[in-house]
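Scroll down for the structure; my scribbles are underneath it.
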């Protein structure tokens with residue numbers, strides 16, 4: 001569950017930062033200087049979120065394959081249990097707290113990277129405090145439930161693909177073994193036929209005169 005919390009926090013931080021700063025820079029819902037006019041922090045954090053998602057997905061599939069074999073049904077049941085709506089809802093406060101921490105760190109590092117100093121205050125929120133918190137909270141909830149479904153669907157699809165590959169491999173292996181056995185039986189039959197023919201014929205007879 002820890003990887004899932006971090007993955008949601010990273011994804012929601014990226015989407016929330018892009019949404020709030022976009023609204024601030026476009027002055028659609030409010031006016032004022034609420035951003036540092038830079039978005040270079042979005043790509044690395046998005047890549048990090050993708051990495052955590054892949055690790056999370058790998059953990060689910062490997063855990064299921066190790067404990068229950070390549071069973072799609074058992075993976076569906078275990079994923080649904082671990083990432084159930086109730087479990088996800090209980091973890092939302094933690095996800096939001098981690099998301100805010102991620103947002104603060106990514107914005108502060110961005111300011112140091114671009115301007116060589118931090119601006120301080122609430123500039124890291126990208127907009128008015130109340131509006132920013134509402135948008136980030138809504139995106140945390142949305143990302144949590146969407147990522148839970150995505151992990152569920154992706155893990156099930158991967159297991160289906162793995163099962164299909166294993167089944168195809170076994171079918172080809174059985175076919176190859178059957179072909180080898182058939183060829184070997186033909187060789188044995190022909191060899192035995194030659195041996196019987198030689199024995200039945202016997203040695204050649206020699207006559208005088």
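Scanning the range 1-40 for residues that are under 23 Å from the mean Cα position of the chain (by Cα), touching a residue at least 60 places away in the same chain (Cβ under 8 Å) and surrounded by 17 or more Cβ atoms within 10 Å (Cβ to Cβ) turns up 4, 5, 6, 7, 8, 9, 10, 11, 12, 13, 15, 16. Restricting the range 66-90 to residues that are at pLDDT 65 or above and out of contact with any helix residue (DSSP H, G or I) (no Cβ under 6 Å at 6 or more places or on another chain), the residue that is surrounded by the most Cβ atoms within 10 Å (Cβ to Cβ) is 82.
State which residue is nearest to the chain's Cα centre (by Cα) when the search covers only the range 120-135 and only residues that are surrounded by fewer than 15 Cβ atoms within 10 Å (Cβ to Cβ) and closer than 19 Å to residue 16 by Cβ. Before you say what the answer is, go through the steps one by one.
To start, the set of residues in the range 120-135 that are surrounded by fewer than 15 Cβ atoms within 10 Å (Cβ to Cβ) comprises 120-122, 129-130, 134.
Now narrow it down to the ones that are closer than 19 Å to residue 16 by Cβ: 121-122, 129-130, 134.
Details: 121: 37, 122: 34, 129: 34, 130: 34, 134: 29 Å.
Residue satisfying both the conditions and the ranking: 134.
Only one entry in 138, 171, 154 is modelled with pLDDT of 85 or more, under 30 Å from residue 58 (Cβ atoms) and within 30 Å of the chain's Cα centre (by Cα), namely 138.
The values are calculated or read from the model by the stated rules, or taken from the named source; none is laboratory data. What you see is a predicted model, and the numbers here were worked out from it, not measured in a lab. Please note: Cβ atoms are built from the backbone with ideal geometry, for glycine as well, and neighbour counts cover all protein chains shown.
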